[in-house]
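Inspection log for the structure reproduced underneath, given as structure tokens.
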Amino acid sequence: MGDQYHEPADELSGRTRDLTRVLVSLKEEIEAIDWYNQRIELAGDEQVKRLLRHNQEEEMEHAAMALEHLRRTMPGWDDALRTYLFTEGELTELEDEAMGRTYGNATGTTETGASSRSAARGLGIGSLKGENG
């Protein structure tokens, strides 16, 4: 248990130790998803594949719950998840946009990341209000 800490555990707050528990659990869930993925690929029996896929989906639910807990309780997660999840396009370009980096567009002018994103695919604010666009 001590190897999950990089600092003396007895010097860490209870909150930090709980966050470590969630982070370690998230790593374990993701590892289990990978194991099931490999097993599904190699299983010859379709019933076995269905069983393993069901188990894998359970692990995905657990990972999603851990991520949501981190989003709610650990600073930085909410911003990062809102930037990258449920988006389209090149992920590294989303990073540029989130950081406000500038780069050229098709007209040869320069735009900041946020303005080029809204021009390219819209901010989706209207869709949140139930409007088109």
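Remarks
- Amide H within-cut-off set for Met74, under 5 Å, with H built and near neighbours excluded: none
- Solvent-accessible area per residue in segment 33-86 equals 76 Å², computed with a 1.4 angstrom probe and all protein chains kept.
- In segment 1-108, the alpha-carbon atoms span a convex hull of 170 Å³ per residue.
- In terms of Cα atoms, the Rg and Dmax of segment 42-88 work out to 15.5, 45 Å.
- Computed E for Ala9/Met60 - FRET, C-beta separation, R0 22 angstrom, nearest 0.05: 0.15
The values are calculated or read from the model by the stated rules, or taken from the named source; none is laboratory data. Predicted model only: the values in this text are computed from it and were never measured. Backbone-built Cβ (ideal geometry, glycine too); neighbour counts: all protein chains shown. Just so you know, the surface numbers come from the protein's heavy atoms only, side chains and all, with ligands and any DNA or RNA stripped out. Shrake-Rupley method; radii C 1.70, N 1.55, O 1.52, S 1.80 Å.
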